[in-house]
Amino acid sequence: MLRSNPTVQNSYEFVCLEDLVPEGHLLRKIQKHIDFSFILEKVRPYYSEDNGRPSVDPIMLFKMMFIGYLFGIRSERQLEQEVQLNNAYRWFVGLGLTDRVPDHSTLSLNRKRLQESSVVQEIFDHIVFKAIEHRMVAGRVLVSDSTHLKANANKRKFVKQEVEKSVKTYLDELDEAITEDRKAHGKKPLKPRKVVTETKETKISTTDSESGYMVRDGKPEGFFYLDHRTVDHKYNIVTDVHITPGNVHDSTPYLERLELQVKKFGFEQSLEAVALDAGYYTAAICKRLHKQKIYAVIGGRSFTPVKGLIAKWRFKYDADRNVYICPQNHELVYSTTDREGYRQYKSDPKVCAECPMLQECTRAKNKQRVLTRHVWQDSKEWVKENGRSRSGKYLYRLRYQTIERSFADAKELHGLRYCRFRGKKKVLEQALMTAICQNVKKIANHLSKQVG
């Protein structure tokens, strides 16, 4: 029989908030397996011991922020309303059914007060150490990549300014290698490198001046930040988060960030391999990883030769004689090593003039073909050989299951597709909080399965 329930919901009932939270709820797993009491010691220096009114429990405030990032709630006003209405949220932060939820302005003030500190970074590190403690981080294979985050800025509001180009951090090591290479070939050492400050015109956002104007093939154009992230392959735990403007190359901060996390988390003895995409295939990165005996697998860059000319790969390098052999079996001999670290190999113009493949080989007026080879080319070829091996192909495929999955979850489930705030420090806080929640969720789910 069809009927409705006209009863007005104004009756009083005796209920236990604990009973209103489903057994398999994510927050129940996190509450059981993650102890957030360490946050008190992290924030203690930023609270007065004797003066002022009693503060809102900082653990409660951070738990509210975690809820926002766990469930993709972007607005602090909306977060306040969701905690007000959701019984599981109330239970997780420690509020009763009639307790007042902290105002959204309290959340904002708490966040702003801690932005100049390293509290969020310390919380992130603590969670990673917890994952290591539960054997969820092996430290054997680290996978790194970057993704673009749309800045909270209008791409049409900008000014053009002259800015200094970034200085390469490995120049001293490169200069030493160039000097040794020239000496081995009987060449005089080059004069000391002059520190030349180069500038270029770039677009600076008038809304968020710390973002960078990104122009890349296949990517959206505008003001962005880059989230450089590293994950451990075992359980996809995020071990490092770093933010740069969108116009910084992926490879620029990599070596520094790798060294930082290796020392911080004690991966010196365990790290065996890294897997990276083609944006990291630089001579400096290949050389450093080769030197440290870290098995590196890096995606290759597609080389587009000049249309109509013989590609460089058709010239065979003879390491014993240090010459290149052209398709007609003529030699290109060593000439010099330039300031950028490239050896130059040149053909004999007299021989080339009589060659039937001259028109396919070079268009130079002096009828000479010039090939270059970096002083660290052996390391680059070592990386290429790694990528062709069976284990190398397996490691490279791990990127799709690890770092790319991590970024996809962060954007689709945790609101990291767009920057909520303006400024590098605030965007770093958002990226770190997102990574903390992803790690916390993985740890809680893993430990729940073990107990079950």
Open item on the list: I need the full set of residues from segment 242-300 which are assigned to a helix (DSSP H, G or I), aromatic (F, W, Y) and more than 30 Å from K203 (Cβ to Cβ), in order please.
Closed with: F265
Open item on the list: Out of G341, G392, G387, I need the residue that is among the small types (G, A, S) and at positive phi. Which one?
Closed with: G341
Task: Residue check, F158 of a type in the set (F, W, Y), under 30 Å from K264 (Cβ atoms) and either surrounded by 17 or more Cβ atoms within 10 Å (Cβ to Cβ) or at pLDDT 95 or above (or both) - done: no
- [ ] Look through segment 291-315, keep the residues that are farther than 30 Å from R397 by Cα and either modelled with pLDDT of 90 or more or among the small types (G, A, S) (or both), and return whichever of them is surrounded by the most Cβ atoms within 10 Å (Cβ to Cβ).
- [x] F315
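Of all residues in segment 317-332, count the ones that are aliphatic (A, V, I, L, M), under 19 Å from G186 (Cβ atoms) and surrounded by 13 or more Cβ atoms within 10 Å (Cβ to Cβ).
Of the residues in segment 317-332, 2 are aliphatic (A, V, I, L, M), under 19 Å from G186 (Cβ atoms) and surrounded by 13 or more Cβ atoms within 10 Å (Cβ to Cβ).
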- [ ] For segment 383-452, please list each of the helices (runs of 4 or more DSSP H) lying entirely inside it that holds at least 1 residues being farther than 27 Å from E272 by Cβ and not polar (S, T, N, Q).
- [x] 403-414, 424-451
Open item on the list: Suppose we keep only residues that are of a type in the set (G, A, S) and assigned to a loop (DSSP other than H, G, I, E, B) within segment 96-131. Which one would you say is surrounded by the most Cβ atoms within 10 Å (Cβ to Cβ)?
Closed with: S117
- [ ] List every residue pair whose Cβ atoms lie under 6 Å apart, where the two residues are 6 or more positions apart in sequence or sit on different chains, the first residue falls within segment 354-367 and is closer than 15 Å to A311 by Cα, and the second residue, located anywhere, is in a loop (DSSP other than H, G, I, E, B) and among the hydrophobic types (A, V, I, L, M, F, W, C).
- [x] E360/I310; C361/I310
Task: Residue pairs meeting the criteria (Cβ under 8 Å; at least 6 apart or on separate chains; first closer than 14 Å to L416 by Cβ, in segment 53-82; second crowded, with 20+ Cβ neighbours inside 10 Å and hydroxyl-bearing (S, T, Y)) - done: Y69/T434
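The values are calculated or read from the model by the stated rules, or taken from the named source; none is laboratory data. Since we're looking at a predicted model, the values are computed, not measured. Ideal geometry is used to build each Cβ from the backbone, glycine not excepted, and the neighbour counts take in all protein chains shown.
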